[in-house]
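Encoded as structure tokens, the structure appears first; notes follow it.
The values are calculated or read from the model by the stated rules, or taken from the named source; none is laboratory data. Keep in mind that this is a model prediction, so the values were computed, not measured. Because the Cβ atoms are built from the backbone with ideal geometry, glycine has one as well, and the counts that use them run over all protein chains shown. Each accessible area value is taken on the protein alone, full model and side chains, heavy atoms only, with ligands, DNA and RNA left out. Shrake-Rupley method; radii C 1.70, N 1.55, O 1.52, S 1.80 Å.
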Amino acid sequence: MTKIAAILAAGGLSSRFGRNKLLEVVAGRRVVDRSIDAFASRDDVECVVVATGDPSLLPAHPQLRIAPAGACRAASVLSA
């Protein structure tokens, strides 16, 4: 089976939402934690790369890699 890397572009300011939507709790868990776990649980995902401006907000996870956020979503994905 071919393994892939999942990229989460998480460097936005959430300006329309009004606060960091990745930190919102849904059914007892933060959105960012749910997203990382959803990808990491797949057999075909080797690692989950999160492009973020604040890596301190991310959980410790063995498959997690961190990349710097870019000036736009496309730049964040390219940095990953």
Which of the residues belonging to region 6-50 are β-branched (Val, Ile, Thr), more than 22 Å from residue 74 (Cα to Cα) and surrounded by 14 or more Cβ atoms within 10 Å (Cβ to Cβ)? none
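May I ask you to list the residues in region 17-66 that are among the basic types (Lys, Arg) and touching a Ser or Thr at 6+ places or on another chain (Cβ under 7 Å)?
Here is the first cut: in region 17-66, the residues among the basic types (Lys, Arg) are 19, 21, 29-30, 34, 42, 65.
The one that is among the basic types (Lys, Arg) and touching a Ser or Thr at 6+ places or on another chain (Cβ under 7 Å): 21.
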What's the number of the condition residue 76 fails, among (1) touching a residue at least 60 places away in the same chain (Cβ under 8 Å); (2) loosely packed, with under 15 Cβ neighbours inside 10 Å? (2)
Within region 51-67, identify whether any single residue is open to solvent by 30 Å² or more (accessible area, probe 1.4 Å), free of Cβ contacts under 8 Å to residues at least 12 places away in the same chain and of a type in the set (Val, Ile, Thr), and answer yes or no. no
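Rundown of residues vs (1) out of contact with any Leu (no Cβ under 8 Å at 6 or more places or on another chain); (2) modelled with pLDDT of 95 or more, yes/no style:
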| residue | (1), (2) |
| --- | --- |
| 12 | yes, no |
| 29 | yes, yes |
| 41 | yes, yes |
| 46 | yes, yes |
| 52 | no, no |
| 60 | yes, no |
